[in-house]
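The values are calculated or read from the model by the stated rules, or taken from the named source; none is laboratory data. Treat the numbers as computed from the prediction; the structure is a model and nothing was measured. When we count neighbours, we look across all protein chains shown, and the Cβ atoms used for this are built from the backbone with ideal geometry, even at glycine.
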Amino acid sequence: MLRFLARRLLIIPLILLGLSIVTFTVSRLVPGDPVKLAAGPQARPEQIIKLTEEFGLDRPLPEQYFMYMTGLLQGNWGYSISTKREVGPDLVTYFAATLELTIVSTLIGLAVGIPLAVVSARWRDRWPDHFSRFISIGAVSVPVFWIAIVLQIVLAQNLRLLPVSGRFDPRMSYPETYTGLLLLDTLIGGNIPAFLTTLRYLIIPALCQSLLVIALVTRQLRGDLLDIVRKDFVLVARANGIPERVIWTRYLMKNALIATVSMMGFLIGFQLGGAVLIEYVLDWPGIGQYALKAALQLDFQPIMGSTLFIGCVVVLVNLITDLLYRVIDPRIGLS
Amino acid sequence: MAQNHFDPTRKMVEDFQAGRVSRREFLKFVTALTAGVATAGVPVIAAAKNVAKAPVRGTLNQVEPKILIYGGSQDIATIDPFDRTDYSIAAIIRQLYDRLFRFEGGWPQPIEPGLVQEWSSSADASEWTFKITDQARFHDGSPLTSEDVVFSYQQTLKAQKQRSSLLSGFLDVDGITAPDATTVVMKLKIPYGSFDRLLAFLEQPIASKAIALANEVDGDGGAAYLIDHEAGSGPFRIKNWQIGSVYELEAVEDYWQGWPGEGRLSGVVWQKTEDAGTRKLGLLAGNFDISDTISSTDIEEINANETTMVSVNYGLLAGYLKYNTQAGPTADPNFRKFLAYSFDRQAFADSQQGYVSIMTGPLPEGVPGYDPDLDPQYSYDPVKAKEHLDMTEFKDGGISIDFVYVSGLDFEEAGGLILLAELQKYNITLNLVPKNWPDIVGACTVPESGPHIAFIFDAFPPLADTWLIEKYSSKSWDRPTGGSYQACSFYKNETVDSLLDELRLTTDTARIDAIVQEVQTIISNDAPDMPLYVTPNITGLNKRVKGFTYYGDISVDFWRLWLDDAT
């Protein structure tokens, strides 16, 4: 176990190094002039020269890369050329919003997806199965931003049950933040009205984001359950008179969940990279929006920062997923 | 020495004659003025000021103050008062800080005094003296003095960021001094007769020198601290600042200039909402009191709603088709005129539901010197187009030219499609090339990389010289660091260059008018670009929002607003 961990932890810096080289190279190869963009249309030549020097963009590319990585190793994620804000604290702020959305949407996805998969497998080719498959296929077939707009119109504009967009009610006092996860922060602060408000603001984005989880979990788990339900050990268990409830929960689910956990690792990593469309339409201040804006403005250091940050998160989530395999099924080696 | 003093009586009469003030407001003013005269011991001017424009401390706030929620299309990534002036940044900075002048009292933008009470210039307009009020207080209670004014301007000039671009052409760090606590003197590098108007438009926020320096890091004058903190004296202060999400201000109840309306706001929340559809839904659902940058396709729906309405106004954001006058087919003036006569502006206006103000020449309406009858003007005329094409080497067509526009902007693509359809008739291929904005900015640096045609928007202060020099003087692009996208025509005409040099230096108003007229005529003849249209600022408002005055900007001046649920 420890050897496995050590080996994986040693590989992580290499992965991030490769990612940093690719991102740096690609961002510099893209045509465009971020300095002129940041300096503004009426910038005088001396302003452009000053800004170029300030961000080291007048130096050779290898030197620029070396300077950036040196800063990064010292904990300096750099500055945005357009806003002059520090990249590191911004990444943390935006990531907290994305993390909260991912956690809630994943919980919703699992809470809906797992029962749907079980129902679907248990009553295969009967109406619960048809219903479940309709939901899972429909969830990935419809563009998520369209679902978001429909929910905004129905739940916010027409029924006035939920807010149209945003993360918290602007007419209320913004809660004290400790972790950046507002649900957690409001609970820590014992602020129940703010907790409920946060929850209201989370419903539409989390529902939208959970659709992919529901669809993938339902389909993956259903398929695995149907595969395992015909295995000899299940037939033996049935022949021995073990109750059906126990067979499904202890025999089938435990074996069928392995592939789902693997897929969830990938999916959570993907979601933590930000859901740009959901964040844009519902004005959720997540890391996807931050990265997109940086890319559109060719803002080099935020581009590098967000890519490496998301890369770190994906690598860590995958590591945790690998470790979870063993927890679910001790037969699986970690070598 | 020319001297200016803000005379509200004269201004009210002028505003009334110009139609900027309603008959009712004018009568109210006259009544108040009469009452002021009749009241012994009350200075007439003071009474007039109260009624006219300048607000009074402790105004009659009859409506309970409330928080206004604003759905803004743009984030407020920084409020560093020495850095930059995007519309969202400017909208918030205007509320946090005071400036020498105000200009948000209407459209076209009239200058109103802010901190300045009197100002004057030397006969050659090379030295300007500003007398500022001694009443202004920063939010920490300390008085605002001329030292703070000098510090703020100097910091901007030292920082050499976007905010300093135009100012640094006229003023050096050493050129601004404070002889006493209420006097500021600016000695210009070159004389400039419209310097007061330029200052009004540049809106340099006056920051507390003490607060800024107390938070200085590595000699930055407090700039890093002021990215998300304030050191101002404006009508609002920061209450809550959530980067990338919501920005909340609370009113300074005893703001030194008072509150101009029948009521006031207790606070403002700027909720960043980038999606136009969400801004509309937020307004219709009652989540937002104001949504800016509404799509023209949503106007009908918002107006049909019982509680909401739309205000459509035109400002200074003008769209041009810029031709590369130095390279490719567009280097030939006749080919450019062929393009100009080939573009069906009415078809373009129709594609935008009619919400465009078609331009007649290089200057948009709202800039002094705008000439609605400029000659020549280009309207869709296939006969004239063919005449000019026949004068070029491309009369048989068979060529291909690029039309570059910002990726994802449908209205720019629509312009390209209209031209594409027309050019096909002449066997000319128009390649529609969508590009990201940084790519276009980079391409517009030198003629060699400049597109044949680029759809570009320009916005400058309402000063003719700035508009003309930044876009049409060869000095704006023919230099070691290249040009900006605003000079993407790479236009070079020695007569125009010479006239524009003179325009910047002269203080003779008659000569200024003559030069502006002459330059516009020459430019129109040369057709280095096609002035297309001024884009509307479409603002969605809940009907409970009161005090809204359009002043040429996308955003609103929250200081003048209040919410009244009774109506």
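From (1) touching a residue at least 60 places away in the same chain (Cβ under 8 Å); (2) away from chain B (no Cβ under 11 Å), pick out the condition that doesn't hold for A:Tyr178.
Status for A:Tyr178: all satisfied but (1).
Which residue pairs have Cβ atoms under 8 Å apart, sit 6 or more places apart or on different chains, and have a first residue in region B:467-488 that is at positive phi and a second that is assigned to a loop (DSSP other than H, G, I, E, B) and surrounded by fewer than 22 Cβ atoms within 10 Å (Cβ to Cβ)?
What qualifies is B:Gly482/B:Thr445; B:Gly482/B:Val446.
Which of the numbered conditions does A:Val142 fail, given that it passes all the others? Conditions: (1) buried (at least 18 other Cβ atoms within 10 Å of the Cβ); (2) more than 14 Å from chain B (Cβ to nearest Cβ); (3) among the hydrophobic types (A, V, I, L, M, F, W, C).
Looking at each condition in turn, A:Val142 falls short on (1).
Out of the residues in region A:1-37 that are in contact (Cβ under 8 Å) with a residue 60 or more places away in the chain, hydrophobic (A, V, I, L, M, F, W, C) and crowded, with 19+ Cβ neighbours inside 10 Å, state the one that is farthest from the other protein chains (Cβ to nearest Cβ).
Ranking the qualifying residues of region A:1-37, first place goes to A:Phe24.
Across region B:464-478, what is the total count of residues that are within 12 Å of chain A (Cβ to nearest Cβ) and aliphatic (A, V, I, L, M)?
1
Does A:Ile81 satisfy the criteria of being more than 8 Å from chain B (Cβ to nearest Cβ), modelled with pLDDT of 95 or more and under 22 Å from A:Ala291 (Cα atoms)?
Against the criterion (more than 8 Å from chain B (Cβ to nearest Cβ), modelled with pLDDT of 95 or more and under 22 Å from A:Ala291 (Cα atoms)), A:Ile81 does not qualify.
Among the residues of region B:146-181, count how many are surrounded by fewer than 21 Cβ atoms within 10 Å (Cβ to Cβ), within 14 Å of another protein chain (Cβ to nearest Cβ), of a type in the set (D, E, K, R) and not in a helix (DSSP H, G or I).
Counting residues in region B:146-181 that are surrounded by fewer than 21 Cβ atoms within 10 Å (Cβ to Cβ), within 14 Å of another protein chain (Cβ to nearest Cβ), of a type in the set (D, E, K, R) and not in a helix (DSSP H, G or I) gives 1.
Which of the following residues is surrounded by 19 or more Cβ atoms within 10 Å (Cβ to Cβ), within 14 Å of chain A (Cβ to nearest Cβ) and at pLDDT 95 or above: B:Gly282, B:Gly232, B:Gly244?
Result of the check over B:Gly282, B:Gly232, B:Gly244: B:Gly282.
Check B:Asp350, B:Asp298 and return the single one that is closer than 18 Å to B:Ile554 by Cβ and part of a helix (DSSP H, G or I). Walk me through how you get there before you give the answer.
On the way: B:Asp350 fails: closer than 18 Å to B:Ile554 by Cβ.
From the options B:Asp350, B:Asp298, the qualifying one is B:Asp298.
Go through region A:86-110 and report how many residues are within 11 Å of chain B (Cβ to nearest Cβ), farther than 13 Å from A:Gly288 by Cα and crowded, with 20+ Cβ neighbours inside 10 Å.
0
What is the residue count in region B:394-411 for residues that are out of contact with any Lys or Arg (no Cβ under 8 Å at 6 or more places or on another chain), under 27 Å from B:Asn334 (Cα atoms) and not in a loop (DSSP other than H, G, I, E, B)?
6
Kindly check whether there is at least one residue in region B:479-497 that is within 13 Å of chain A (Cβ to nearest Cβ), closer than 24 Å to B:Val356 by Cα and surrounded by fewer than 19 Cβ atoms within 10 Å (Cβ to Cβ).
no
Has region B:103-122 got at least one residue that is under 30 Å from A:Leu37 (Cβ atoms) and either at pLDDT 95 or above or touching a helix residue (DSSP H, G or I) at 6+ places or on another chain (Cβ under 6 Å) (or both)? Steps first, answer last, please.
Taking region B:103-122 as the starting set, the residues that turn out to be under 30 Å from A:Leu37 (Cβ atoms) are B:103-104, B:107-109.
Filter once more, so that each one left must be either at pLDDT 95 or above or touching a helix residue (DSSP H, G or I) at 6+ places or on another chain (Cβ under 6 Å) (or both): B:103.
Yes, region B:103-122 has at least one match.
Per-residue answers, yes or no, for (1) within 14 Å of chain A (Cβ to nearest Cβ); (2) assigned to a loop (DSSP other than H, G, I, E, B); (3) modelled with pLDDT under 90; (4) touching a Phe, Trp or Tyr at 6+ places or on another chain (Cβ under 6 Å):
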position: B:Lys49; (1), (2), (3), (4): no, no, yes, no
position: B:Ile67; (1), (2), (3), (4): yes, no, no, no
position: B:Gln74; (1), (2), (3), (4): yes, yes, no, no
position: B:Ile79; (1), (2), (3), (4): yes, yes, no, no
position: B:Thr85; (1), (2), (3), (4): yes, yes, yes, no
position: B:Ile89; (1), (2), (3), (4): yes, no, no, no
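Restricting the search to region B:317-347, which residues are in a helix (DSSP H, G or I), of a type in the set (A, V, I, L, M, F, W, C) and surrounded by 17 or more Cβ atoms within 10 Å (Cβ to Cβ)?
Those that are in a helix (DSSP H, G or I), of a type in the set (A, V, I, L, M, F, W, C) and surrounded by 17 or more Cβ atoms within 10 Å (Cβ to Cβ): B:Phe335, B:Phe338, B:Leu339, B:Ala340.
Just one of the numbered conditions (1) touching a residue at least 12 places away in the same chain (Cβ under 8 Å); (2) assigned to a loop (DSSP other than H, G, I, E, B); (3) surrounded by fewer than 21 Cβ atoms within 10 Å (Cβ to Cβ) is not true of A:Leu161; which one?
Condition (1) is where A:Leu161 drops out.
Looking at region B:296-316, can you tell me whether even one residue there is within 13 Å of another protein chain (Cβ to nearest Cβ), among the small types (Gly, Ala, Ser) and surrounded by fewer than 20 Cβ atoms within 10 Å (Cβ to Cβ)?
So far as region B:296-316 goes, no, none of its residues is within 13 Å of another protein chain (Cβ to nearest Cβ), among the small types (Gly, Ala, Ser) and surrounded by fewer than 20 Cβ atoms within 10 Å (Cβ to Cβ).
Could you please find all residues in region A:181-196 being part of a loop (DSSP other than H, G, I, E, B) and either within 14 Å of another protein chain (Cβ to nearest Cβ) or under 19 Å from A:Thr102 (Cβ atoms) (or both)?
Hit for region A:181-196 is A:Leu181, nothing else.
Restricting attention to region A:38-63, which residues are in a helix (DSSP H, G or I), more than 7 Å from chain B (Cβ to nearest Cβ) and touching a residue at least 12 places away in the same chain (Cβ under 8 Å)?
If the condition is that a residue be in a helix (DSSP H, G or I), more than 7 Å from chain B (Cβ to nearest Cβ) and touching a residue at least 12 places away in the same chain (Cβ under 8 Å), then A:Ala38, A:Leu51, A:Thr52, A:Leu61 are the ones that fit.
Got a number for residues in region B:389-413 being exposed (fewer than 15 other Cβ atoms within 10 Å of the Cβ), within 26 Å of B:Asn436 (Cβ to Cβ) and of a type outside the set (Asp, Glu)?
Residues in region B:389-413 being exposed (fewer than 15 other Cβ atoms within 10 Å of the Cβ), within 26 Å of B:Asn436 (Cβ to Cβ) and of a type outside the set (Asp, Glu): 3 in total.
Looking at region B:192-223, which of its residues are over 30 Å from B:Phe460 (Cα atoms), part of a loop (DSSP other than H, G, I, E, B) and among the small types (Gly, Ala, Ser)?
B:Gly219
Looking at (1) surrounded by 20 or more Cβ atoms within 10 Å (Cβ to Cβ); (2) within 14 Å of chain A (Cβ to nearest Cβ), which one does B:Leu430 not meet, given that it meets all the others?
Here B:Leu430 clears every test but (2).
So that you can scan it fast, the table gives a plain yes or no per residue for (1) crowded, with 22+ Cβ neighbours inside 10 Å; (2) within 14 Å of chain B (Cβ to nearest Cβ); (3) acidic (Asp, Glu); (4) assigned to a helix (DSSP H, G or I):
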residue	(1), (2), (3), (4)
A:Gly265	no, no, no, yes
A:Gln271	yes, no, no, yes
A:Leu277	no, yes, no, yes
A:Gly288	yes, yes, no, yes
A:Leu292	no, yes, no, yes
A:Cys312	no, no, no, yes
A:Val315	no, no, no, yes
A:Ile320	no, no, no, yes
A:Tyr325	no, no, no, yes
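From the list A:Ile49, A:Ile114, which one is more than 30 Å from B:Asp478 (Cβ to Cβ) and among the β-branched types (Val, Ile, Thr)?
A:Ile114
Determine which single condition B:Ser449 fails, assuming it passes every other condition in (1) assigned to a helix (DSSP H, G or I); (2) free of Cβ contacts under 8 Å to residues at least 24 places away in the same chain; (3) surrounded by fewer than 19 Cβ atoms within 10 Å (Cβ to Cβ); (4) in contact with a helix residue (DSSP H, G or I) (Cβ under 6 Å, 6 or more places away or on another chain).
So the condition that B:Ser449 fails would be (1).
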